[in-house]
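Just so you know, all these numbers are worked out from the coordinates, no wet-lab data involved. Everything numeric here is computed off the predicted structure, so don't read it as measured data. As a convention, Cβ positions derive from the backbone with ideal geometry for all residues, glycine included, and neighbour counts pool all protein chains shown.
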Amino acid sequence: MRKIGNLEIEQIAKLAQNDVYQQLGTSSNGLDRAEVQKRQEKYGKNILAKEKKTPLLITFLQNFTSLMAVLLWVAGGISFIAGLTELGIAIWSVNLINGLFSFWQEYQASKATAALNEMLAESSSVLREGKQQDVPAEQLVPGDIVNLAEGADIPADIRLLSSNGLRVDQSTLTGEVDPINKNADPFTGQTDTVSELKNFIFSGTSIIKGNATGVVVKIGMKTSFGQIASLTQNVQSELSPLQKELNVLTKQISLLAISIGALFFLAAVFLVHYPLIKSFIFALGMIVAFIPEGLLPTVTLSLAGAVSRMAQKNALVKKLSSVESLGSASVICSDKTGTLTQNQMTVLHLWTPLRSYHVTGQGYAPHGSIYDGPHQRSVKNDPELAELLAGGLLADNAKIEEPNDKHSGYACIGDPTEGCLEVAAQKGGFNSAAERKQHPRQKEFPFDSDRKMMTVVIEKGQERAFDSYTKGAPDNVLAKCSTYFSAGKSLPLTDSKKAEINAANDGYAKQGLRVLAVAGKILPKDTKASNLEEDQVESELTFLGLTAMYDPPRPEVKKAAAECRKAKIKVIMVTGDNGLTAETIAKRIGIVDRKKNVKVITGAELNKMNDNALKDALRGEIVFARMAPEQKYRVVDNLQQMKQIVAVTGDGVNDAPALKKADIGVAMGKTGTDVAKEAADMVLTDDNFASIVAAIKEGRGVYSNIRKFLLYILNSNLPEAIPSALFLLSGGKIPLALTVMEILFIDLGTDMAPALGLGRQATEKEVMNQPPRSTKEHLINKTVLLKAFTWYGALAALLSTVGFFLNNAFNGHYYPALPTAGWDYRQATTLALGAVIFCQMATVLNCRFDTETLFTKQNFFSNSLVYTGIILEGLLLLALCYVPFLQEIFGTARLLLSDWVFLFCLPLPLILLDELRKYLVRKNS
């Protein structure tokens with residue numbers, strides 16, 4: 001608990017008013033000017049501290065100092081020193097582009113604290129030295145006496161001194177939309193969560209009804225709101241799974257490239273006796289050949305393509321790397337209200353002492369009917385139904401608005417529980433506006449947590465049977481009843497009838513429904529409403545019936561939950577609602593297995609569990625209820641300790657710490673606060689859980705595409721390395737089939753063009769039939785290496801080498817008397833280069849699908865970017881062959897017609913061979 005002086009906040013809540021003044025060193029006249037100044041110096045301003053951020057310049061420079069980047073800077077520098085200006089420019093340009101791509105990905109400065117500050121009240125009405133005055137909210141200090149009116153934003157954590165019909169929206173703190181009734185009475189019970197204290201109101205929340213006076217207890221970062229800000233700020237931003245994997249990959253490839261470069265340098269010096277500078281250039285070619293310069297641009301394009309597709313499916317991604325993180329998700333911690341459900345309370349059942357009813361239609365739209373079995377009922381032909389619905393409607397402070405500029409559908413203004421009663425009345429045949437006008441309210445006794453009911457006195461008129469209507473918790477309302485309404489008249493409430501009512505209530509409660517009871521009373525004639533007391537009206541009531549309501553699941557959620565189960569993604573509901581409702585919804589939509597024992601853990605129970613017990617619970621079917629922000633954060637933290645990749649949904653300020661802690665935070669676009677959206681990595685524009693699942697599919701596709709890209713570029717490493725190996729092993733008798741400049745042309749030109757197309761490859765159908773990838777699984781695994789080097793790469797190396805020797809033979813040159821310079825040599829290396837490029841064309845088509853065949857209309861003609869890359873490859877090769885200045889730079893020559901025939905014969909056999917492999921894989925699986 002947070003302490004005030006030497007008392008905990010719960011103890012402050014238990015104090016009488018005079019004791020509160022004494023504890024906080026204030027009085028009913030407020031603080032004097034000198035004391036205010038003293039406390040401002042001691043406690044500081046009533047604002048949230050700003051989060052420290054890495055300077056933008058440092059962030060920018062960090063992207064040019066990775067191991068791979070340093071290697072390329074050095075390689076480019078050596079090229080300039082050796083007089084290879086074009087080569088140096090090319091290498092440095094690629095490095096610059098890669099750095100800019102990385103910087104753009106990381107330039108996601110968090111604005112969560114700024115958004116939190118924007119939610120705080122700007123000014124407050126304060127009593128100081130006995131005088132009322134408006135002061136900026138940031139100047140409030142503990143001990144200030146504050147007056148708050150309806151609609152006010154609450155500027156600090158405040159202990160109430162007096163209140164009048166006070167209802168507060170605490171959804172920013174708790175995530176639950178139902179308004180909370182507050183009063184100034186000393187707290188007498190026990191609570192595990194300070195937000196449940198009835199005589200405290202909290203910074204960042206707002207008053208939706210009534211007014212109050214209170215004393216400031218906590219300000220700034222010490223408030224409940226500030227604690228959330230602190231928790232959010234203290235979350236260390238971690239690298240995404242993809243970023244971690246790319247870091248490992250670049251280090252591995254860089255070390256491999258350096259090792260191979262060093263080996264080839266030594267071999268060139270001692271086996272072939274090359275001069276040092278020539279050996280450096282030779283080794284440089286091998287280093288650059290093994291570094292995937294196109295990796296970051298391709299990754300970024302792949303992520304950007306997924307972002308575009310996800311936006312079409314109502315998921316807006318703020319951070320590119322988050323796309324793949326979502327694809328790696330093994331656990332989704334989801335809110336209930338508005339994400340799994342529609343956030344539109346709906347009356348599902350009605351019950352009167354004469355019969356029970358089923359209500360059709362969902363949400364706030366007044367479309368639906370009321371049925372007694374197969375028979376449709378309305379207020380015109382059913383007096384019991386009419387009084388039940390009238391009682392709910394007339395004792396209702398909410399309002400249903402039709403679609404307008406602010407909201408596309410019907411919306412509830414006020415308490416959703418009350419709003420759905422108006423909708424039910426309309427379904428039963430009432431015109432709600434006309435009914436309220438015909439029976440205006442004379443007096444109201446507001447709901448409070450002790451009575452658990454509220455009552456209105458109305459103008460009865462000719463239509464209504466009662467002068468007042470009461471609605472509230474069934475047990476409390478029933479205890480005030482002495483009769484029940486049936487067959488148009490009031491009858492004595494017997495024990496058997498009470499048992500029948502309680503059985504109906506229990507039955508609805510076990511279904512996870514929220515139940516309200518409605519009762520009425522006939523008051524003595526000529527009674528003046530203004531003279532009535534609460535006890536006079538709320539006694540000897542006539543029981544009218546029960547209303548059972550729920551927040552219906554979104555229609556798409558059940559299918560999405562089934563898809564998660566198939567994809568081995570665990571979905572955990574984490575809600576502020578009660579356990580029974582949460583469990584019922586979880587079972588209804590299928591995020592837990594109905595056949596298994598489901599453990600429901602409340603926030604209070606979680607506080608008593610150690611981390612080991614929590615981890616054990618997380619391995620089973622589980623639902624969390626009545627959760628506070630720090631508890632949600634703890635659940636996420638423990639899941640991450642279990643090596644799970646965690647996605648978390650949220651919409652309130654209270655969700656910000658967990659959203660930021662998660663591997664990917666998902667905020668709600670419609671109902672989400674700015675704070676939640678800023679802390680999150682992704683925003684759902686439709687607040688729909690199904691959109692998360694669609695985004696996961698895209699994320700999985702991204703990882704698959706990056707792996708395809710790596711497979712594609714790695715396959716050209718072998719045909720680039722083999723000529724150098726043959727050259728060294730033969731002691732220079734077999735000339736280099738590919739020159740250093742030709743190798744760089746492959747890496748910086750023909751490698752990248754089609755590879756960028758692979759980054760936009762559509763997600764394969766089977767991707768959601770597999771479990772999430774293990775955190776131990778790497779982008780380059782045994783399968784990728786085998787495919788790259790013993791299949792695609794080996795074939796390309798073989799065909800390239802064959803092309804080199806065939807061209808030499810065609811020109812009359814045979815081993816060991818092969819030319820090492822001149823036109824014939826240049827033509828032979830050009831053919832070897834062409835063979836590698838044409839093999840690349842086949843390989844990029846083969847890499848598009850892991851197991852699916854290329855030869856279907858949909859597969860073959862999709863992804864025009866790949867075909868654009870292939871055409872560009874061909875045009876680049878033509879330019880090298882026939883543009884004179886490029887011939888001089890790259891040492892190439894014109895190819896003969898027979899050479900082109902050889903090249904055009906290469907792709908089809910390679911494609912057919914891989915189609916055979918895919919067929920065998922499909923057959924065996």
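Once the chain from ALA604 to ILE81 is taken as fully extended at 0.36 nm per residue, the excess over their C-alpha distance is 181.3 nm. Restricting attention to the chain, close to 75% of DSSP beta bridges with both partner residues there are antiparallel.
Here the stretch 293-429 has an Rg and Dmax of 22.8, 79 Å, counting Cα atoms alone. Taking the fewest neighbouring Cβ atoms within 10 Å as the starting point, the ordered list for MET627, MET573 is MET573, MET627.
Computed on the Cα trace of the stretch 139-193, the radius of gyration divided by the Kirkwood hydrodynamic radius gives Rg/Rh = 0.95.
More than 21 angstrom separation, counting every C-alpha pair in the stretch 462-578; what % is that? Beyond 21 Å sits 54 percent of the P(r) for the stretch 462-578. Does anyone have the angle between helix 276-290 and the longest principal axis of the chain? Alpha-carbon axes, 0 to 90°, nearest 10? Approximately 40 degrees, to the nearest 10.
Please identify the longest segment of the chain free of exposed chymotrypsin sites (Phe, Trp or Tyr not before Pro), where exposed means a DSSP state other than H, G, I, E or B and no more than 11 other Cβ atoms within 10 Å.
1-813
Computed from point charges on the beta carbon alone (+1 for Lys and Arg, -1 for Asp and Glu), the dipole magnitude for the chain about its Cα centre is near 1760 Debye. Once backbone amide H atoms are built at 1.01 Å from N, ASP663 has VAL646 as its partners under 5 Å, excluding neighbours fewer than 5 places away on the same chain. Straight distance only, please: which aspartates and glutamates reach the Cα of LYS765 with their own Cα at less than 16 Å, same-chain residues fewer than 8 apart left out? Here the aspartates and glutamates satisfying the reach criterion relative to LYS765 are GLU563, GLU698, ASP850, GLU852. Straight-line cross-link reach from LYS437 at under 24 Å between alpha-carbon atoms covers these lysines, not counting any fewer than eight positions away in the same chain: LYS209, LYS380, LYS399, LYS427, LYS460, LYS471, LYS521, LYS525, LYS528. Qualifying GluC sites (Glu not before Pro) in the stretch 754-813, where qualification requires a DSSP coil assignment and no more than 16 other C-beta atoms within 10 Å, comprise GLU777. Would you mind checking LYS38/LYS660; LYS697/LYS776; LYS595/LYS632 for any pair whose Cα atoms are more than 28 angstrom apart? Cα-Cα > 28 Å for LYS38/LYS660; rest within.
Approximating the spin labels as points 7 Å out from Cα along Cα→Cβ, the LEU523-to-ALA762 distance works out to 6.9 nm. Work out how much length ASN211 to LYS595 would gain on full extension: take 0.36 nm times their residue separation and subtract the Cα-Cα distance, in nm to one decimal. 133.3 nm is the gain from fully extending ASN211 to LYS595.
Evaluating 6.51 cos²θ - 1.76 cosθ + 1.60 at θ = phi - 60° for every residue in the stretch 609-624, the Karplus couplings come out as 9, 7, 5, 5, 5, 5, 4, 4, 5, 5, 6, x, 6, 9, 9, 10 Hz, glycine and proline recorded as x.
Once the gyration tensor of the Cα atoms in the chain is diagonalised, the equivalent ellipsoid follows with semi-axes of 71, 33, 20 Å, ordered largest first.
About the centre of its Cα atoms, the stretch 346-550 shows a dipole size close to 360 debye [charges on the beta carbon of Lys, Arg (+1) and Asp, Glu (-1) only; nearest 20 debye].
Counting other C-beta atoms within 10 Å, which of LYS443, LYS857 has the fewest, and how do the rest follow? Mind showing how you got there, number by number?
Working: LYS443 15, LYS857 7.
Ordered from fewest to most neighbouring Cβ atoms within 10 Å, LYS443, LYS857 come out as LYS857, LYS443.
Label zone of LEU354 (point 7 Å out along Cα→Cβ, amide N under 13 Å): in the stretch 481-516 this covers 485-491.
Summed over qualifying helices (DSSP H, 4 residues or more, each -39500 (n - 2.57)) and divided by its residue number, the chain shows a 222 nm mean residue ellipticity of -14500 deg cm²/dmol. Taking Cα atoms only, the orientation of helix 495-510 departs from the longest principal axis of the chain by about 20 degrees. Amide H contacts for TYR484 (H built 1.01 Å from N in the peptide plane; partners 5 or more residues away or on another chain; cut-off under 5 Å): LEU491, LEU493, PHE543. Considering only alpha-carbon pairs that sit under 8 angstrom and 6 or more positions apart, the relative contact order computed for the chain is 12 percent.
In terms of surrounding Cβ atoms within a 10 Å radius of their Cβ, GLU621, GLU720, GLU500 rank from fewest to most as GLU500, GLU621, GLU720. What the phi angles of the stretch 813-825 give under the Karplus curve with 6.51, -1.76 and 1.60, with θ = phi - 60°, is a coupling list of 10, 9, 5, x, 9, 8, x, 10, 7, x, 4, 4, 5 Hz, glycine and proline written as x. Ratio of Rg to Rh for the stretch 346-550: 0.94 [Cα atoms; Kirkwood radius as inverse mean 1/r over pairs]. Amide H contacts of SER206 (H built 1.01 Å from N, in plane; Pro and chain starts excluded): ILE154, ASP169 sit under 5 Å, all sequence-distant by 5 or more or on other chains.
Can you tell me, using C-alpha contacts under 8 Å and at least 6 residues apart, the relative contact order of the stretch 346-550 as a whole percent? Mind dumping the intermediate values first?
Details: 413 pairs, mean separation 48.5, N = 205.
Across the stretch 346-550, relative contact order equals 24 percent.
Can you list the aspartates and glutamates whose alpha carbon is less than 13 Å from that of LYS608, not counting same-chain residues fewer than 8 positions off? Leaving aside aspartates and glutamates fewer than 8 places away in the same chain, those within reach of LYS608 are ASP192. For the stretch 636-707, a Kirkwood radius taken over Cα pairs fed into Stokes-Einstein (37 °C, viscosity 0.692 mPa s) yields D = 262 µm²/s.
Each residue of the stretch 35-40 is assigned a 3J(HN,Hα), and the resulting list reads 5, 4, 4, 4, 6, 5 Hz, derived from the Karplus form 6.51 cos²θ - 1.76 cosθ + 1.60 (θ = phi - 60°), x at Gly and Pro. On full extension, the segment bounded by LYS733 and LEU798 gains 21.5 nm, given 0.36 nm per residue less the C-alpha separation.
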